[in-house]
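What follows is one structure encoded as structure tokens, with my remarks underneath.
The values are calculated or read from the model by the stated rules, or taken from the named source; none is laboratory data. Being a predicted model, the structure only gives us computed values, none of them experimental. Glycine also receives a Cβ, built like all others from the backbone with ideal geometry; neighbour counts cover every protein chain displayed.
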Amino acid sequence: MDPPAIRSAMPRVLFLDQSGDLGGAELSLLDIARHFRAAATVALLGDGPFARRLRADAVPVELVAGGGRLAVRREDGPAAWLAALGAVGTIVPRLVGLCRRHELIYANTQKAFVLGAVAALLSRRPLIWHLRDILTSEHFGRANLRLVISLSRLAAARVIANSDATAAAFVAAGGDRRRLVTIPNGIDPAPWCPLAPDRRARLRQELGLRADPVVGIFGRLAAWKGQHVLVEALRALPDVQCLVVGDPLFGEEPYRERLVRRIDELGLSERVRLCGFRADIPAVMQACDMIVHASTAAEPFGRVIVEAMLADRPVIASDAGGAREIVEDGASGILVPPGDADQLAAAIGRILEDRELAARLATGGRARALAQFGLTRTLGRIALVVSEVAAAAAGERDVSAAERGGPTWKRS
Ligand code: UDP
């Protein structure tokens, strides 16, 4: 079979995401949706900062949430399950209507994929799933894994994995390797311009930081993101300050409370600052002297690692998953075993003591981020997948219309 033609016109894409909040998946989709905005809509299950950012960037947004709560945990009773079913019953017909006004569906999160797959099958539109999770039983229930893998075989024309680690877990869980393409996240380097020394000094003061070295950790507050591992590491690092940037996003407030209690117990309140969610990440990263990624489980990608490299700061990351594909140990950062506070403390100590090493890692990291994780290349690769899928679907419609003897239609 000939490869599908690539069309020059931008296909009408319906992006679908479950969250109104700004996590890594949503920040990545923001860049993608902006690129396609002339012909795209983003359908969301909830309003919030993500929807506002999209609208501010002139990306059309549709809210498709039903009245009921969609999040159901295993321990929830029948009322919660019924409410969730009711919500699905409202969302799917709305989505089908939206799908019919678009050429393809692009699901950006797992819940969005499940709903999008049903709507795509009902509206007979092709679907791309941008997979941003490591699909293992460590993170997901078996029923959940079986559902998404079966749906991916039924409804996904292509699955875009955000790292080789994500791709490998998808295949190991039973996913179809032939539909899979790995496209690492890309980060726009433009906002990572150097921060003037006086602005840096002001920002440090605003953040309540003293002259002592500052280690930053960025990302939503969640146990597996490992902010507590860095806090434990600080016990062996007198005079080192720590800036914890991010908020709990998906019901992880109890973790935040435990973290604050532990900081108090260890007598570290003077040295650890929790500054909540910040929208000025490039500046705040440059206010730090080094940046730590301390996830205790394999990170599907880890945007914060690439961002820290762009900030020209030495990076220490957990040696697992996507982080291992971003950082080359000793050249563009340092890798440490996940969850190991002693090794993390030792790596921080090495960088603080050896200025030459710190400078070499920062320079190597920035060069690697610019060369390997640029946004332009990522968007180009995604655009290619989108136009291939749209062209293949249009080709199929042509063939079936011709077989019926009716008129063929193909948008230019
Ligand atoms: N982030 C942010 N403000 C914060 C904390 C994090 O804008 O206060 C951003 C961060 O810059 C990164 C994203 O949130 O772009 C987190 O993405 P990552 O892939 O590291 O983790 P995820 O949230 O996808 O698990």
### Query
How many residues, within the stretch 190-206, are farther than 23 Å from Gly24 by Cα and within 16 Å of the ligand (Cβ to nearest atom)?
3
### Message
Which of the numbered conditions does Asp280 fail, given that it passes all the others? Conditions: (1) crowded, with 22+ Cβ neighbours inside 10 Å; (2) within 16 Å of the ligand (Cβ to nearest atom).
### Response
(1)
### Query
Does Leu335 satisfy the criteria of being surrounded by 15 or more Cβ atoms within 10 Å (Cβ to Cβ), outside any helix (DSSP H, G or I) and away from the ligand (no atom under 14 Å from the Cβ)?
yes
### Task
Kindly list the number of the only condition in (1) of a type in the set (A, V, I, L, M, F, W, C); (2) surrounded by fewer than 16 Cβ atoms within 10 Å (Cβ to Cβ); (3) within 24 Å of Gly374 (Cβ to Cβ) that fails for Leu195.
(2)
### Message
Suppose the filter is closer than 23 Å to Phe373 by Cα, in contact with a strand residue (DSSP E or B) (Cβ under 8 Å, 6 or more places away or on another chain), away from the ligand (no atom under 15 Å from the Cβ) and of a type outside the set (A, V, I, L, M); does Asp312 pass it?
### Response
no
### Task
With the checklist (1) within 16 Å of the ligand (Cβ to nearest atom); (2) under 30 Å from Leu135 (Cα atoms) in hand, flag the one item Leu180 doesn't pass.
(1)
### Summary
Filtering the stretch 125-175 down to residues that are assigned to a loop (DSSP other than H, G, I, E, B), surrounded by fewer than 21 Cβ atoms within 10 Å (Cβ to Cβ) and within 15 Å of the chain's Cα centre (by Cα) yields Asp133
### Test: residue in the stretch 288-295 that is surrounded by 23 or more Cβ atoms within 10 Å (Cβ to Cβ) and within 9 Å of the ligand (Cβ to nearest atom)
yes
### Message
I'd like the full set of residues that are within 16 Å of the ligand (Cβ to nearest atom) and either in contact with a strand residue (DSSP E or B) (Cβ under 8 Å, 6 or more places away or on another chain) or of a type in the set (Asp, Glu) (or both), limited to the stretch 226-247.
### Response
Gly226, Gln227, Leu230, Cys242, Leu243, Val244, Val245, Gly246, Asp247
### Message
Which residue is nearest to the chain's Cα centre (by Cα), if the candidates are limited to the stretch 51-104 and must be loosely packed, with under 13 Cβ neighbours inside 10 Å, modelled with pLDDT of 70 or more and part of a loop (DSSP other than H, G, I, E, B)?
### Response
Asp57
